[in-house]
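Visitor: Can you keep this structure in mind? I'll have questions shortly.
Read-outs throughout are calculated quantities, based only on the coordinates presented, and are distinct from any laboratory measurement. This one's a predicted model, so the numbers in the text were calculated from it and none came from an experiment. Counting neighbours? That spans all protein chains shown, and the Cβs are built from the backbone with ideal geometry, glycine included.
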Amino acid sequence: MLKKRRMNSISTKPGDPGAMDSFRSWIGKKVISKSGDFIGKVHDIRFSKKSISGIVVMKNISSLFIGQEFISGVSNEAVVLSIDPVTMLVGKKVFDSDGKDMGKVSRLVRKGNSNSFEAVVVKRKVYSKGIKIPKSDVEVSKKSIILKKSYE
Amino acid sequence: MDSKNKIITSDDILGKEAVDPEGEILGIVTKVHIHKETKKLLGMTVDQGFMKPELFIGLHYVKNFGVDAVFLNKVPTDKFRGLDVLTSKGEVIGKVKSVRAKRHRVQEIVVAKRGVLGKDYAVAASDIDVISSSVILKPNYRLKEIEK
């Protein structure tokens, strides 16, 4: 962790700059979802009109931007989100109501950039044709997806 | 014919994935338990994988036996052992050592605090915000020290 030093300050706003969070202290922090899942690490912080818009989270080679409105807590070790990012559903297993393994989520049909989806595209094999399943047919979408009805 | 379709064999259970109500795959069903005298099915053993203990799941925990999976109707509290315990700001304070539950509802968790000389603390269910992949506590949680 960076050592906080005393520094001179020129600002119209009150507060000790040495006691404020620094940009560098955020980089590399773990990002935890509402359910406690490890989402990735803070890779970057994005600004817009001089204020923080959100953070860029990296896991392996994929990156995800999370708006600052979804950050519920920050400590020395981690950033906790108030949501379970819907993008985490990609790659999850899908079972129908009969317990039949339908494959894995290959793609999400999302509603813009919001944290919800309209449908999931499920594939059994990489090159197989995907099945589009609407959200209304999904009963559970957490650690894996369980559907309300059976699919042939 | 109809009743014939409702009968399954051990082959239809063994090797299947046990899936809890949150959709988490707990492991693979490796054994079925049958009472020697009453000849009734009691439950099944789930292999949770490398370095994890086997988990016995009673029949009353089973929602239905599916084609490729066995669906459970409750999250077994044993699953919570070993999970990280975090404050609402994401600071890890320790791991779940044990869980005290009443009628499958968590009443209290015992947290083994971080560090070599870490003590054990009890956290009431009312101070827990989420139990899922880790345990996240509410902002004004209280830890009750447990005498060893």
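Visitor: Which order results if A:ILE27, A:ILE32, B:ILE128 are arranged by neighbouring Cβ count within 10 Å, fewest first?
Guide: Ranked by crowding around the Cβ, least crowded first: A:ILE27, B:ILE128, A:ILE32.
Visitor: What are the extents of the Cα atoms of chain A along their three principal axes, in Å, largest first?
Guide: Rounded to whole Å, the extents work out to 70, 27, 26 Å.
Visitor: To continue, here is another question. Quick one, what does Rg over Rh come out to for the protein assembly as shown if you take C-alpha atoms and the Kirkwood Rh?
Guide: Rounded to two decimals, Rg over Rh is 1.04.
Visitor: Can you give the average number of partner chain beta-carbon atoms within 10 Å of each beta-carbon in peptide A:97-104, as a whole number?
Guide: 4
Visitor: Using Cβ contacts closer than 10 Å as the measure, can you line up B:HIS35, B:HIS104, A:HIS43 from fewest to most?
Guide: Going from least to most buried by this count: B:HIS35, B:HIS104, A:HIS43.
Visitor: Also, quick follow-up: Counting only other chains, and only Cβ atoms inside 10 Å, what mean value do you get across the residues of A:75-81?
Guide: So the per-residue partner count for this stretch is 5.
Visitor: Next question, about the same structure. Tally Lys/Arg at +1 and Asp/Glu at -1 over every other residue whose Cβ is under 15 Å from the Cβ of B:HIS33; what's the total?
Guide: Around B:HIS33, the surrounding residues sum to +1.
Visitor: Let me ask something additional. Roughly what % of Cα-Cα distances in segment B:1-72 sit above 14 Å, to the whole percent?
Guide: 60 percent
Visitor: Which value does Rg/Rh take for chain B over its C-alpha atoms, Rh per Kirkwood?
Guide: When Rh is taken as the Kirkwood radius, the ratio is 1.07.
Visitor: For the charge dipole of segment B:61-110, defined by +1 on Lys and Arg C-beta atoms and -1 on Asp and Glu C-beta atoms about the Cα centroid, which residue among B:VAL106, B:ASN64, B:LEU86 has the Cα displaced farthest towards the positive pole?
Guide: With unit charges placed on the Cβ atoms, the residue in question is B:VAL106.
Visitor: Give me the net charge for the shell around A:ARG124: Cβ to Cβ below 10 angstrom, other residues only, Lys and Arg +1, Asp and Glu -1.
Guide: Neighbourhood net charge equals +3.
Visitor: So what's the net charge close to B:GLN107: Lys and Arg +1, Asp and Glu -1, counting the other residues with Cβ under 14 Å from its Cβ?
Guide: That works out to +3.
Visitor: Quick check on the exposure proxy: order A:LEU81, B:LEU143 from fewest to most C-beta atoms within 10 angstrom.
Guide: The most exposed by this proxy come first: B:LEU143, A:LEU81.
Visitor: Then there's this: Counting only other chains, and only Cβ atoms inside 10 Å, what mean value do you get across the residues of B:89-95?
Guide: 5
Visitor: Here's another thing I want to ask about it. Going down the table (A:LYS13/A:LYS59; B:LYS6/B:LYS52; A:LYS41/A:LYS143; A:LYS93/A:LYS132), which pairs top 25 Å between alpha carbons?
Guide: A:LYS13/A:LYS59; B:LYS6/B:LYS52
Visitor: Same structure again: With an 8 Å Cα cut-off and a minimum separation of 6 or more residues, compute the relative contact order for chain B in percent.
Guide: 14 percent
Visitor: Would you please classify the overall shape of segment A:16-90 from the alpha carbon gyration tensor, given that a ≥ b ≥ c denote the square roots of the eigenvalues, rounded means a/c under 1.5, and beyond that prolate means a/b larger than b/c while oblate covers the rest?
Guide: Prolate, since a/c reaches 1.5 and a/b exceeds b/c.
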